[in-house]
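In what follows, a single structure is set out as structure tokens and then discussed.
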Amino acid sequence: MNPPAVAPLLRGARRIVVKVGSSLVTNEGRGLDEAAIGEWSRQLAALVHDEGDRREVVMVSSGAVVEGMKRLGWTTRPREGHELQAAAAVGQMGLAQMYETKLRENGLGSAQVLLTHGDLADRERYLNARSTLLTLLRMGVVPVINENDTVVNDEIKFGDNDTLGALVANLVEADALVILTDQKGLYTADPRRDPDARFVHEARAGDPALEVMAGGAGSSIGRGGMLTKILAARRAAGSGASTVIAWGREPDVLLRLVRGEAIGTLLVAQTAKTQARKQWIADHLQLRGAVLVDAGAAARLREDGKSLLPIGMTAVEGDFSRGDVIAIRDAHGAEIARGLANYASAEARLLCRRASSEFEAVLGYTAEPEMVHRDNLVLSARG
């Protein structure tokens with residue numbers, strides 16, 4: 001975890017997702033920081049307009065609830081869900097207006113995109129969102145994305161915009177995720193409490209040791225802490241995107257990063273980009289159900305990259321439909337993979353331990369010989 005010997009990976013990144021937190025886009029909870037948003041807009045314009053080294057950029061921005069609190073005259077963040085949703089609805093108007101104004105002043109078009117996990121959990125909506133974002137990027141428009149706090153509830157919300165930033169990075173197949181925060185980056189311990197804490201310049205995204213180092217939330221304004229950023233970096237790495245965690249007030253931070261300057265903490269992805277379908281499968285935070293498999297089926301999945309056949313299934317959990325994403329667990333309950341189910345849960349229960357030649361006699365028809373085809377299956381990181 002020493003300073004990097006070579007320039008960070010952002011120098012070669014062509015598509016970048018930038019996430020900024022509430023503590024950066026607001027004046028300590030007193031509404032939006034016009035100067036800060038204007039400064040990031042200037043840097044984004046420089047990246048998009050550079051004829052010799054043009055890049056595509058997506059902005060994931062918090063701040064709607066805080067701006068809504070200001071407009072409603074509230075001095076403390078409400079606890080009730082419907083009040084938070086009301087504040088988000090009011091504040092989202094100001095947030096979108098501020099970005100539109102500042103980006104336009106720098107010669108960039110902008111688009112507001114509000115997402116919930118349901119948009120990414122449904123295959124058709126996922127593809128629609130992806131197509132829209134990629135079209136906007138081709139047009140040189142900067143999408144400004146936020147969680148749709150107006151309609152989310154505890155079952156579908158991302159929980160923090162760090163996670164949202166990682167999922168968007170996977171959605172658009174970004175080369176890098178930049179998380180701008182009110183801290184310089186990651187330390188081996190909380191520097192506010194431990195004078196011996198050392199700064200982490202570079203590490204491997206997904207290293208379990210990073211989660212131990214990360215502390216809790218350091219701001220009363222936002223919902224995320226350093227831990228959510230570490231977990232977001234691990235998620236982004238699943239599709240090959242490296243992550244930088246850096247102080248958002250660092251002068252020209254985005255421009256210096258893409259020039260290869262070592263700023264903040266670089267968390268390097270160890271895997272190459274995966275196909276969009278497998279990104280979508282791996283990114284599911286909520287699964288409809290699971291199937292348990294015997295040791296032989298688990299070995300074929302892990303070691304041989306085979307499809308999951310019903311004959312290797314021992315049990316079915318949950319209530320899911322054909323096309324839903326389900327987990328595949330071994331005899332100990334550990335997730336080894338996830339994928340798209342070819343049969344609904346009720347049918348899958350009937351097919352456990354049966355060969356494909358028996359399907360028609362049991363169901364009256366045969367859709368597919370596999371429960372999950374290998375093209376629609378991705379091994380879990382811990383599997």
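The values are calculated or read from the model by the stated rules, or taken from the named source; none is laboratory data. Not measured: the values here are computed from a predicted model. Don't worry about glycine lacking a Cβ; one is built from the backbone with ideal geometry, like all the others, and counts go over all protein chains shown. Surface areas here come from the heavy atoms of the whole protein model, side chains and all, with no ligands, DNA or RNA. Shrake-Rupley method; radii C 1.70, N 1.55, O 1.52, S 1.80 Å.
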Would you point out which residue out of Ala327, Ala346, Ala337, Ala341 is under 30 Å from Arg125 (Cβ atoms), crowded, with 20+ Cβ neighbours inside 10 Å and out of contact with any Leu (no Cβ under 7 Å at 6 or more places or on another chain)? Ala341
Failed criterion for Met93 (all others in (1) in a loop (DSSP other than H, G, I, E, B); (2) open to solvent by 50 Å² or more (accessible area, probe 1.4 Å) hold): (1)
Conditions (1) touching a residue at least 24 places away in the same chain (Cβ under 8 Å); (2) open to solvent by 40 Å² or more (accessible area, probe 1.4 Å): number failed by Ile179: (2)
Please go through segment 57-88 and pick out each residue that is in a loop (DSSP other than H, G, I, E, B) and on the phi < 0 side of the Ramachandran plot. Ser62, Trp74, Thr75, Thr76, Arg77, Pro78, Arg79, Glu80
Within segment 349-383, track down each residue that is surrounded by fewer than 14 Cβ atoms within 10 Å (Cβ to Cβ) and among the small types (Gly, Ala, Ser). Ala355, Ser357, Ala361, Gly364, Ala367, Ala381
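Give the number of residues within segment 22-34 that are open to solvent by less than 10 Å² (accessible area, probe 1.4 Å) and outside any strand (DSSP E or B). Before the answer, list the steps.
Within segment 22-34, the subset open to solvent by less than 10 Å² (accessible area, probe 1.4 Å) is 24-26, 31.
From what is left, the residues that are outside any strand (DSSP E or B) are 24-25, 31.
The number of residues fulfilling the criteria is 3.
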Have a look at Arg349, Arg354 and point out the one that is farther than 21 Å from Gln279 by Cβ, assigned to a loop (DSSP other than H, G, I, E, B) and of a type outside the set (A, V, I, L, M). Arg354
Just to be sure before I move on: is Lys102 in contact with a helix residue (DSSP H, G or I) (Cβ under 6 Å, 6 or more places away or on another chain) and open to solvent by 20 Å² or more (accessible area, probe 1.4 Å) in the structure I sent? yes
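Yes/no matrix, rows are residues, columns are (1) without any contact (Cβ under 8 Å) to a residue 40 or more places away in the chain; (2) not hydrophobic (A, V, I, L, M, F, W, C):
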| position | (1), (2) |
| --- | --- |
| Ala35 | yes, no |
| Glu39 | yes, yes |
| Asp53 | no, yes |
| Arg77 | no, yes |
Select from segment 105-118 the residues that are buried (at least 18 other Cβ atoms within 10 Å of the Cβ) and either under 24 Å from the mean Cα position of the chain (by Cα) or part of a helix (DSSP H, G or I) (or both) and list them in ascending order. Ser110, Ala111, Val113, Leu114, Leu115, Thr116, His117
